[in-house]
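Participant: Provided herewith is a single structure, encoded as structure tokens, for subsequent inquiry.
Each value in this text was obtained by applying a stated rule to the coordinates, not by laboratory testing. Given the structure is predicted, the values throughout are model-derived calculations rather than measurements. Here the Cβ positions follow ideal geometry from the backbone for every residue, glycine too, while neighbour counts run over all protein chains shown.
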Amino acid sequence: MINTNFFINILRFTLLVLVQVLVFNRLHFFGFINPMVYILFLYWYPIKENRAAFIGLSFLLGLCIDFFSDTMAINAAATVTIAYLRPVIMNFVFGVNLEFQSFKLGNTTKVQQITFLALLIVVHHFVFFTLEIFSITNLLLILKKTLAIGLATLILCLLFSTLFSVKKE
Amino acid sequence: MRQIINFLIRYKTFLLYIFFMIISLSFTIQSHSFHQSKFFNSSNWVTGGIFQTSYNITSYFDLKSENQKLVNDNKRLRQILYNSKIKDTVLIDSSNINYTVISGQVIKNNYADQRNYITINKGEKDSIKQDMGVITDKGILGIIENTSNNYASVQSVLNEHSNINAKIKNTDHFGSLIWNTEHYNTVQLIDIPRLVPITIGDTIVTGAMSSIFPENIPIGTIKKFDLDDSKSFYYINVSLFNDMTNIKNVYIINNPNREEILKLEQETISNDQY
């Protein structure tokens with residue numbers, strides 16, 4: 001199974017970690033918005049692959065980001081959660097199309113892709129900020145941060161995914 | 001037995017998820033209650049090395065303004081030196097020295113989270129230890145939290161665990177400096193009694209109670225004040241002198257007497273119990 005896919009994933013992993021910690025963790029847009037573009041790894045990861053390996057890789061990705069940004073293991077927890085929930089979200093967004101043998105992310109409509117990405121981001125950010133702020137009295141702050149930073153992440157992820165489009169036909 | 005194995009096989013991804021989740025939650029909750037984890041911090045050699053490389057490249061861009069800052073600081077210090085009554089040579093007797101100062105550079109800075117940490121490029125090799133104070137030319141920055149050979153992570157004053165002894169300048173009324181995680185330019189001073197006369201614009205400096213910082217290091221000015229819920233203490237918003245978003249050169253302060261002070265305090269407490 002060691003093929004180009006494997007190397008592409010390793011390359012993506014390293015590049016996304018570096019871009020995240022060296023560029024986007026220093027953005028501080030409006031003083032508090034640091035988009036988390038490394039979620040794109042989970043968006044781009046092949047669909048019909050071993051789930052256990054996928055969850056393990058996601059945990060590792062989150063942990064790498066945590067090491068750089070001094071956030072204990074919050075990124076790891078949030079990333080593992082969306083890695084586990086990804087099939088559920090995909091079932092919700094793509095429905096029956098997912099059963100086809102020739103299913104590819106590039107063949108789906110733009111709306112489906114955006115919904116899929118947005119759901120991943122919302123779940124990730126909600127788990128992340130719940131763990132970071134860690135109090136129910138600040139629920140409003142959690143929602144505010146999830147929305148504001150989620151929106152920034154979504155826009156940047158969409159830009160990146162069009163820039164490095166996997167679709168080659 | 002067969003059913004147990006079947007169960008394990010069927011729910012293996014879920015169990016794997018729970019396993020990873022428990023690992024990360026335990027690390028997170030453990031450091032919520034006390035210090036940053038010894039293991040999960042950006043002062044280890046891999047992350048420190050990458051930040052150092054990035055710093056080496058980007059540090060050239062603001063060299064001019066950094067130089068200007070250092071010249072201004074020198075100017076201020078010279079002014080103090082020339083106007084003081086002592087002769088121009090200052091006698092330095094090593095038995096008299098209370099504090100030693102080490103310089104360093106910030107290679108990673110953060111101010112958007114609830115618990116912000118800064119990474120600097122000095123470590124155990126330069127005799128940096130946990131709980132040393134870190135300041136800039138304008139005011140305080142934080143306290144050393146974790147060290148590796150070449151790097152150290154600093155708990156910034158913009159951290160919800162941060163708690164520093166501070167007082168109002170030229171008085172002895174002291175309180176604690178905390179951060180309510182709202183704005184990166186404003187920290188809070190609490191536990192100042194109501195009878196203390198304060199006005200907006202008063203300067204806040206570090207207090208003498210701390211064995212980490214020397215007394216009278218500037219922190220900021222009073223921006224706004226109110227009484228807290230108990231109506232007997234003030235809740236003061238302090239705007240920092242430091243621009244926390246733009247920090248390069250820092251000074252690390254070592255108090256050689258700290259261990260002696262801590263030991264004495266420890267003995268007093270344990271004697272009290274009998």
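Participant: Which one of A:Thr115, B:Tyr111, B:Ser54 is farthest out on the positive end of the charge dipole of the protein assembly as shown, using unit charges on Cβ (Lys, Arg +1; Asp, Glu -1) and the Cα centre as origin?
Facilitator: My answer, from the dipole projection, is A:Thr115.
Participant: From the backbone phi of segment A:28-40, what are the Karplus-calculated ³J(HN,Hα) couplings (6.51 cos²θ - 1.76 cosθ + 1.60, θ = phi - 60°) in whole Hz, Gly and Pro given as x?
Facilitator: 6, 5, 6, x, 9, 8, 10, x, 10, 6, 5, 4, 3
Participant: Averaged over its residues, how many other protein chain Cβ atoms are within 10 Å of peptide A:23-36's Cβ atoms? Let's see the in-between values first.
Facilitator: Values: counts 1, 0, 5, 6, 1, 6, 1, 1, 6, 6, 1, 3, 0, 0.
Across A:23-36, the average partner-chain Cβ count within 10 Å equals 3.
Participant: What residue among A:Leu16, A:Leu61, A:Leu140 shows peak mean-square fluctuation when chain A is described by a Gaussian network model with Cα springs under 10 Å?
Facilitator: Judging by the Gaussian network model, the answer is A:Leu140.
Participant: Same structure, new question: Evaluate the distance, in nm, between pseudo-label points positioned 7 Å from the Cα of A:Glu99 and of B:Asn170 along their respective Cα→Cβ axes.
Facilitator: Label-label distance for A:Glu99 and B:Asn170, simple model: 8.2 nm.
Participant: I've got another one for you. How big is D for chain B, in µm² s⁻¹ as a whole number, if Stokes-Einstein is applied with the Kirkwood radius of its Cα pairs at 25 °C and 0.890 mPa s? Show your work: numbers first, answer last.
Facilitator: Numbers: Rh = 21.4 Å.
My calculation gives 115 µm²/s for D.
Participant: Averaged across A:73-79, how many Cβ atoms of other chains sit within 10 Å of each residue's Cβ atom? Please report the intermediate quantities before stating the final value.
Facilitator: Details: counts 14, 7, 1, 8, 8, 1, 2.
What the average comes to for A:73-79 is 6.
Participant: Could you work out how far helix A:110-133 tilts from the main Cα principal axis of chain A, as a 0 to 90 degree angle to the nearest 10?
Facilitator: On a 0 to 90 degree scale, this one is about 30.
Participant: Moving on. Among B:Ser176, B:Ser153, B:Pro197, flag the residue with its Cα farthest along the positive direction of the charge dipole of segment B:124-201, charges on Cβ as +1 for Lys/Arg and -1 for Asp/Glu.
Facilitator: After comparing all options, I get B:Pro197.
Participant: Trypsin sites (Lys or Arg not before Pro) within segment B:118-157: which are DSSP loop residues with at most 14 other Cβ atoms inside 10 Å?
Facilitator: Working: sites: B:Lys122, B:Lys125, B:Lys129, B:Lys138; in loops: B:Lys122, B:Lys129, B:Lys138.
Those satisfying the criteria are B:Lys129.
Participant: How much space per residue, in cubic angstrom, does the convex hull of the C-alpha atoms of the protein assembly as shown take up?
Facilitator: Working: hull volume 97.9 nm³, N = 443.
Considering the Cα atoms of the protein assembly as shown, their hull volume per residue is 221 Å³.
Participant: Then there's this: With point charges of +1 on the Cβ of Lys and Arg and -1 on the Cβ of Asp and Glu, referenced to the Cα centre of the protein assembly as shown, which listed residue (B:Ile23, B:Val101, B:Ile143) lies farthest in the positive direction of the dipole?
Facilitator: Positive-most Cα among the choices belongs to B:Ile23.
Participant: What FRET efficiency comes out for the pair B:Ile200/B:Ser230, r = Cβ-Cβ distance, R0 = 22 Å, nearest 0.05? Don't skip to the end; give the middle numbers.
Facilitator: Values: r = 22 Å, r/R0 = 1.00.
With R0 = 22 Å, the Cβ-Cβ based efficiency is 0.50.
Participant: Looking only at trypsin sites (Lys or Arg not before Pro) in DSSP loops with at most 14 other Cβ atoms within 10 Å, what is the longest site-free stretch of chain A?
Facilitator: Numbers: sites that count: A:Lys48, A:Lys104, A:Lys167, A:Lys168.
Maximal segment without exposed cleavage sites: A:105-166.
Participant: Within segment A:1-75, list the chymotrypsin sites (Phe, Trp or Tyr not before Pro) lying in a DSSP loop whose Cβ has at most 13 other Cβ atoms in a 10 Å radius. Kindly include the intermediate steps, with their values, before the conclusion.
Facilitator: Values: sites: A:Phe6, A:Phe7, A:Phe13, A:Phe24, A:Phe29, A:Phe30, A:Phe32, A:Tyr38, A:Phe41, A:Tyr43, A:Trp44, A:Phe54, A:Phe59, A:Phe67, A:Phe68; in loops: A:Phe30, A:Phe32.
Passing sites in segment A:1-75 are A:Phe30.
Participant: Fewest Cβ neighbours within 10 Å first, please rank B:Lys263, B:Lys223 accordingly. Provide the component values of the computation, followed by the final result.
Facilitator: Values: B:Lys263 10, B:Lys223 15.
If I rank by nearby Cβ atoms, fewest first, I get B:Lys263, B:Lys223.
Participant: Per-residue mean of other chain beta-carbon atoms within 10 angstrom of the beta-carbon, peptide A:131-137?
Facilitator: Numbers: counts 5, 6, 4, 5, 0, 0, 0.
Mean number of neighbouring Cβ atoms from other chains: 3.
Participant: Return B:Ile143, A:Ile155 ranked ascending by Cβ neighbour count within 10 Å, so the fewest neighbours appear first. Display every interim value, and only then the final one.
Facilitator: Working: B:Ile143 23, A:Ile155 11.
With the sparsest Cβ surroundings first, the list reads A:Ile155, B:Ile143.
Participant: Taking the Cα centre of the protein assembly as shown as origin, work out the dipole magnitude from +1 charges on Lys and Arg Cβ and -1 charges on Asp and Glu Cβ, in debye rounded to 20. Don't skip to the end; give the middle numbers.
Facilitator: On the way: 37 positive and 32 negative charges, 314 e Å.
The calculation lands at about 1500 debye.
Participant: Please order A:Leu158, A:Leu11 by the number of other Cβ within 10 Å, starting at the fewest.
Facilitator: Values: A:Leu158 16, A:Leu11 10.
Exposure proxy ranking, most exposed first: A:Leu11, A:Leu158.
Participant: Could you pull out every residue, at least 5 positions away or on a different chain, whose amide H is within less than 5 Å of the one on B:Lys108? Hs are placed 1.01 Å off N in the peptide plane, and Pro or chain starts have none.
Facilitator: Those lying under 5 Å, H to H, from B:Lys108 are B:Thr119.
Participant: Show which aspartates and glutamates lie in cross-link reach of A:Lys144 when reach means a straight Cα distance below 20 angstrom and same-chain residues fewer than eight apart are skipped.
Facilitator: Partners found: A:Glu132, B:Asp113, B:Glu160, B:Glu182.
Participant: So, one more: Among the listed pairs A:Lys48/B:Lys108; B:Lys138/B:Lys167; B:Lys75/B:Lys129; B:Lys64/B:Lys125, which have their C-alpha atoms separated by more than 27 angstrom in this model? Spell out each step's value before the answer.
Facilitator: Numbers: A:Lys48/B:Lys108 38 Å; B:Lys138/B:Lys167 17 Å; B:Lys75/B:Lys129 31 Å; B:Lys64/B:Lys125 29 Å.
Distance filter (> 27 Å) returns A:Lys48/B:Lys108; B:Lys75/B:Lys129; B:Lys64/B:Lys125.
Participant: Follow-up question, since we're still on this one. Any idea what angle helix B:45-58 forms with the longest principal axis of chain B, computed on alpha-carbon atoms, 0 to 90 degrees, nearest 10?
Facilitator: 50
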